[in-house]
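Report on one structure; see the data block that follows.
Bear in mind that the values in this text are calculations on the coordinates, not laboratory data. Every value quoted in this text rests on a predicted model; they were computed, and no experiment measured them. All Cβ positions, glycine included, derive from the backbone under ideal geometry; neighbour counts span all protein chains shown.
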Amino acid sequence: MEKQTISIESVKSFVHNTIFGKPVTYRSTGEAEEWLAPWYAYEFEEEGGNKWVLTQHDFDRLLEQGTIRDAETSEWLTLLHQANKALEDKGCRIVITEPEEGFFKCDIIRPSTKTYAENYYENELEDLITDAWNYANTL
């Protein structure tokens with residue numbers, strides 16, 4: 001198997017397969033911090049607010065081990081963040097999860113959880129989030 005190399009600076013998000021079998025998507029916060037030259041640490045955050053700081057070396061090692069995988073995201077994570085910021089006043093939140101690899105689920109939390117849609121592909125998430133956002137505004 002050929003070794004994957006991806007510049008961590010260009011990574012917007014990646015998926016971490018947890019020990020519980022639940023994939024968690026981390027998105028870049030855009031923060032880079034110089035620890036010791038030439039090592040830089042880049043910060044990623046998951047939807048629940050947990051942060052993970054990785055150097056290029058750590059990222060490459062985890063990618064090679066299969067512990068994480070690159071998530072091909074367009075702008076759906078940014079849109080999700082914007083939607084959740086706008087819905088804060090309503091006490092509402094949209095959560096996107098990947099219960100099965102490659103298939104996404106959308107829940108709306110207010111105050112209980114309601115499944116809005118499931119079995120969507122990643123390239124459909126922008127439209128799904130927009131629809132869920134519009135629906136959540138009517139609650």
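A few remarks follow.
- Cα gyration tensor category, rounded, prolate or oblate, for region 41-139 with a/c compared to 1.5: prolate
- Magnitude of the charge dipole, region 76-137, Cβ model with Lys/Arg +1 and Asp/Glu -1, debye to 20: 440
- Inter-site label distance for residue 78 and residue 53 at 7 Å from Cα along Cβ, in nm: 2.6
- Sorted peptide list for 82-89, 52-59, criterion being average Cβ within 10 angstrom, highest first: 52-59, 82-89
- A simple spin-label model places pseudo-atoms 7 Å from Cα toward Cβ; at residue 121 and residue 85 they are separated by 3.0 nm.
- Pair residue 110, residue 32: separation of 7 Å Cα→Cβ label points (nm): 3.9
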